Amino acid sequence: MLPDLSPVTDALGWVVVGLFLAGIAADWRDRSAARTITAVAWGAFGLFWLLMIPFFSIEHRSIVQTVLAVAAVPACLYAARRLAAGHDSLLVLSRAVGVMGLIYMPFEAIALFHDTLIELVAEQTYAGLRALGSTPAFEVDEAGLRNTFVFPLESGGEYSTRIIFACTGIGSMAIFAGLIAAVRAPIERRLAALAVALSIIWTLNIARNVFIAYATGHQLFDHAALVGPVMWLFGLENPVRVSFFVADRILAQGLAMFALLGLAWIVVKLLPELFVIVEDLAYLLTGEEHGLADESSNRIDGD
């Protein structure tokens, strides 16, 4: 049985955020200290993702999230090494990560924020289901949250699916908020980019939840050609769960990657200063400078 690492990863998550924020604070006075603190933060972030791999791969059974977590480990360690070697431009990306954590962690840890967000998303998801003509029972779970949809099955019995914290889209919203907050640009353009990003993420996330709940409750992918392979791929024992895994783990998570890339393109168009962070990400992936930030600066100056 997989040991429960959540107390360790939860505590480490706060440590990582604290280190990134400490690096941001130090950068106001001592660049060398900021570089050292932030390099440690990236190393701790790599350890965090390493510890999350068993959860994503074994418990959550998500191929996309497992691949991303595996890739994040060497990327974080490489960022730590490059910062320690004096690659100071990575401090901008580090600032974005710190702000992301500052937004995300309170929603995860504080019950009022956590529960309110879940129930709000569940209410809007239920409204979407009703708009499609689907009327599952909308019930309260064992934690007292009204977030559970119960569908009757044609084969008899019922199947329930619920909105959990991971379904709220707060992670994606925190990422874009952190990126936008990290760059230096006029507040009006930053607020405009933030409004566009958050509204698109919220809308797409509700649509994703509606699709997954509808596909699961109505068993849209209960086909002989899918049941066997999907059950084998994800180690399932109950064929009723196949529709959920196809809808969520394969289609929704796969399409979400393209949606986020498209959204990133839109936000960068609205806020070209983000090319600084794009440059840092490209550097982490290739180890080479690409001059994207300089090109962006030239375009802004020429406008």
For the charge dipole of the chain, defined by +1 on Lys and Arg C-beta atoms and -1 on Asp and Glu C-beta atoms about the Cα centroid, which residue among VAL64, ILE164, VAL267 has the Cα displaced farthest towards the positive pole? VAL267
With +1 on the Cβ of every Lys and Arg and -1 on the Cβ of every Asp and Glu, the dipole magnitude of segment 203-277 about its Cα centre, in debye rounded to the nearest 20, is 100 debye
Could you tell me which residue out of ALA177, ALA84, ALA11 lies farthest along the dipole of the chain toward its positive end? Charges go on the beta carbon: Lys and Arg +1, Asp and Glu -1, centred on the Cα centre. ALA84
Among the chymotrypsin sites (Phe, Trp or Tyr not before Pro) in segment 5-52, which ones are in a DSSP loop with at most 15 other Cβ atoms within 10 Å of the Cβ? Mind listing them? TRP28
The ³J(HN,Hα) series, computed from each phi in segment 202-210 with the Karplus coefficients 6.51, -1.76 and 1.60 at θ = phi - 60°, rounded to the nearest Hz and given as x for glycine or proline, is 4, 5, 5, 5, 4, 4, 4, 4, 4
Between SER160 and residues 5 or more places away or on another chain, which pairs have amide H atoms under 5 Å apart, with H built 1.01 Å from N, and which residues are they? PHE151
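Please give the charge dipole size of segment 109-179, origin at the Cα centre, charges +1 on K and R Cβ atoms and -1 on D and E Cβ atoms. Round to the nearest 20 debye.
Values: 3 positive and 8 negative charges, 46 e Å.
Computed charge dipole of segment 109-179: roughly 220 debye.
Would you mind telling me the share, in percent, of accessible area of the chain contributed by carbon and sulfur at probe 1.4 angstrom? Don't jump to the answer; show the numbers that get you there.
Details: 10440 of 15720 Å².
Solvent-exposed carbon and sulfur of the chain make up 66 percent of the total.
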Can you list, bin by bin at 10 Å, the percent of alpha carbon pairs in segment 26-88, starting at 0? 25, 38, 23, 12, 1
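May I ask for the longest run of the chain untouched by trypsin sites (Lys or Arg not before Pro) that are loop-located per DSSP and have at most 11 neighbouring C-beta atoms (other than their own) within 10 Å? Could you put the intermediate results ahead of the total?
Numbers: sites that count: ARG29, ARG184.
The longest such stretch corresponds to 30-183.
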Search the structure for amide H atoms under 5 Å from the amide H of ASN147, placed 1.01 Å from N in the peptide plane, and list their residues when 5 or more places away or on another chain. GLU139, ASP141
Note to self, the chain gives a 222 nm [θ] from helices alone (DSSP H runs n ≥ 4, -39500 (n - 2.57) apiece, / all residues, nearest 500) of -23000 deg cm²/dmol
Between MET105, ALA39, ILE250, whose Cα lies farthest towards the positive end of the dipole of the chain when Lys and Arg beta carbons carry +1 and Asp and Glu beta carbons carry -1, centred on the Cα centre? ALA39
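With +1 on the Cβ of every Lys and Arg and -1 on the Cβ of every Asp and Glu, and nothing else charged, how large is the dipole of the chain about its Cα centre, in debye rounded to the nearest 20?
Numbers: 18 positive and 28 negative charges, 70 e Å.
Value, rounded to 20: 340 debye.
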Per residue, how much accessible surface does segment 216-283 expose to a 1.4 Å probe? Answer in Å², no decimals. 50 Å²
Tell me the Kirkwood radius of the chain: reciprocal of the mean inverse pair distance over distinct alpha-carbon atoms, in Å. 21.1 Å
Just to confirm the number: angle between the C-alpha axis of helix 6-26 and the first principal axis of the chain, 0 to 90 degrees, nearest 10? 30 degrees
Can you tell me the accessible area per residue over segment 10-162, all protein chains present, probe 1.4 angstrom, in square angstrom? 51 Å²
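The values are calculated or read from the model by the stated rules, or taken from the named source; none is laboratory data. Predicted model only: the values in this text are computed from it and were never measured. Neighbour counts run over all protein chains shown; Cβ positions are idealised from the backbone, glycine included. Side chains included, ligands, DNA and RNA excluded: accessible areas come from the protein's heavy atoms. Shrake-Rupley method; radii C 1.70, N 1.55, O 1.52, S 1.80 Å.
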